[in-house]
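The values are calculated or read from the model by the stated rules, or taken from the named source; none is laboratory data. For clarity, every value in this text was computed on a predicted model and none was experimentally measured. Neighbour counts are summed over all protein chains in view; Cβ atoms, including those assigned to glycine, are modelled from backbone coordinates with ideal geometry. Keep in mind that these areas ignore ligands, DNA and RNA; they rest on the heavy atoms of the full protein, side chains included. Shrake-Rupley method; radii C 1.70, N 1.55, O 1.52, S 1.80 Å.
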Amino acid sequence: MTRVFSGMQPSGDPHLGNLLGAWVNWVAMQEDRECVYCVVDLHAITSPAEHDPATLAARTLELATGMLAVGVDPQRSILFVQSHLHEHAECTWLFNCVAGFGELRKMPQFKEKSEGKGDAVSVGLFDYPVLQAADILLYHADEVPVGEDQRHHIELARDIAQRFNHRFATPEAPVFTLPKAVHPPAAARVMDLQDPTVKMSKSASSEKGIISVLDEPKRIEKKIKSAVTDSAGDIRHDRAAKPGVSNLLEILAAATHREVDELAAEYDGGGYGTFKLAVAEAVIELLRPIQDRYAELADDPGEVQRVLADGADRAREVAVPTLQHAKQAMGLLPRG
Ligand code: ATP
Ligand code: LTN
């Protein structure tokens, strides 16, 4: 069966973009694939601006609770916290000796996040994609559902796997499976409500630009009502000319499982007020069952912790033999 791996950083409150762009797809993939989903807390400590030791543990638990609330099913899939398996860090070291300085330096995310920081940039930020490669390759993942911005990281994981196999294994008995990135079919890309030309983001968007998965209905309505649109008044899908309206149309389509064009035809002529109210209602209805389930789960954090402990045990069953195989292939002396 096709194996899937994906991860999300506990770097802020999960938002509508994370839900429509990632989680909806994660949940659907459970139907016919073996899925491994991970809260990647070791990635979240790579930049000091986003790392708050006082809230990291709580955020990690909240993100895992959110994943369960949207429908990640721990019976069918493996859900765990990255730092609960030291194998990820250990495998990163092995890959550090396979990955090249030049290829890491060129990673767009590293270039973006390190810009203007000079020598203050952490080695962890530089090494971020190597840790991500370890996440993916330890589980022999075939498919990695991620946003378009992660494409280079998945290609690097593929290159590392290929290079490792070439240097330390034979074509008949490779150590690592070559993964590929897959993007959600509906290509949901939710934009910031205040600046619809940039994506909604946990760390970069302002509070008003983001709809958190746990926002109360009143707050959602307020944020959508004040979403930036334009002065033309017509409702049609045109990302270049009408980014705000197009974003709201896409959100409405995703939340109601309807087509963008059909919705545009239905609301055009009725004014932005009515349209925005419809979008707000649809989002509120979309989030209601998730929020109810979240509240139930959050009532019993011990149970979520148990689910994560079980997930870590099951993850270890896959990751430990893979890592052993890799160490053996590299010629490291097994413990007697
Ligand atoms: P950060 O600001 O910390 O980078 P983020 O909000 O951009 O966080 P990530 O943790 O980078 O989110 O991404 C988690 C998953 O959610 C990825 O698969 C990513 O593609 C998806 N995702 C994030 N933002 C959006 C968005 N605005 N629209 C659609 N998908 C998104
Ligand atoms: N870098 C990713 C998060 C991430 C990930 C992974 C995604 C860490 N490890 C492994 C897929 C597979 C991000 O920022 N979205």
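Scan the stretch 1-16 residue by residue and report those that are near ligand 2 (Cβ under 9 Å from one of its atoms) and at pLDDT 95 or above.
PHE5, SER6, GLY7, MET8, GLN9
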Between GLY302, GLY244, GLY273, which is under 30 Å from HIS88 (Cα atoms) and small (Gly, Ala, Ser)?
GLY302
Counting only residues that are at pLDDT 95 or above, outside any loop (DSSP other than H, G, I, E, B) and either surrounded by 12 or more Cβ atoms within 10 Å (Cβ to Cβ) or within 14 Å of ligand 1 (Cβ to nearest atom) (or both), the stretch 110-139 contains a total of 15
Conditions first: (1) in contact with a Lys or Arg (Cβ under 8 Å, 6 or more places away or on another chain); (2) surrounded by 13 or more Cβ atoms within 10 Å (Cβ to Cβ). ALA232 passes all but one, so which condition is the exception?
(2)
Regarding the stretch 79-90, can at least one residue be identified that is surrounded by fewer than 17 Cβ atoms within 10 Å (Cβ to Cβ) and closer than 30 Å to ASP299 by Cβ?
no
Considering only residues that are open to solvent by 70 Å² or more (accessible area, probe 1.4 Å) and of a type in the set (Val, Ile, Thr), which ones fall in the stretch 180-208?
THR197
Candidates PHE95, PHE101 - the one that is away from ligand 1 (no atom under 16 Å from the Cβ) and open to solvent by 30 Å² or more (accessible area, probe 1.4 Å)
PHE101
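For (1) in contact with a Leu (Cβ under 7 Å, 6 or more places away or on another chain); (2) under 26 Å from GLU62 (Cα atoms), each residue gets a yes or a no:
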site	(1), (2)
ILE78	no, yes
VAL81	yes, yes
LEU85	no, yes
CYS97	no, no
GLY102	no, no
GLU115	no, no
ALA120	no, no
PRO129	yes, yes
ALA134	no, yes
Would you say ALA157 is of a type outside the set (S, T, N, Q), outside any helix (DSSP H, G or I) and within 12 Å of ligand 2 (Cβ to nearest atom)?
no
So in the stretch 141-169, with the set limited to residues that are in contact with a Leu (Cβ under 7 Å, 6 or more places away or on another chain) and open to solvent by 50 Å² or more (accessible area, probe 1.4 Å), which one is farthest from ligand 1 (Cβ to nearest atom)?
GLN162
Being touching a helix residue (DSSP H, G or I) at 6+ places or on another chain (Cβ under 6 Å), outside any loop (DSSP other than H, G, I, E, B) and surrounded by fewer than 19 Cβ atoms within 10 Å (Cβ to Cβ) is the filter here, so list the residues in the stretch 209-229 that pass it.
PRO217, GLU221, LYS225
Tell me whether the stretch 140-151 contains one or more residues that are away from ligand 2 (no atom under 12 Å from the Cβ), at pLDDT below 95, outside any strand (DSSP E or B) and more than 17 Å from VAL40 (Cβ to Cβ).
no
Identity of the residue in the stretch 1-34, more than 14 Å from ligand 1 (Cβ to nearest atom) and touching a residue at least 24 places away in the same chain (Cβ under 8 Å), that ends up farthest from LEU286 (Cα to Cα)
MET1
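A quick yes/no check of all residues on (1) within 12 Å of ligand 2 (Cβ to nearest atom); (2) assigned to a helix (DSSP H, G or I); (3) open to solvent by less than 20 Å² (accessible area, probe 1.4 Å):
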{"position": "TRP26", "(1), (2), (3)": "yes, yes, yes"}
{"position": "GLU31", "(1), (2), (3)": "no, no, no"}
{"position": "VAL36", "(1), (2), (3)": "yes, no, yes"}
{"position": "PRO48", "(1), (2), (3)": "no, no, no"}
{"position": "HIS51", "(1), (2), (3)": "no, no, no"}
{"position": "THR55", "(1), (2), (3)": "no, yes, no"}
Could you figure out which of (1) within 13 Å of the chain's Cα centre (by Cα); (2) within 29 Å of PRO217 (Cβ to Cβ); (3) not basic (Lys, Arg) isn't true of THR55?
(1)
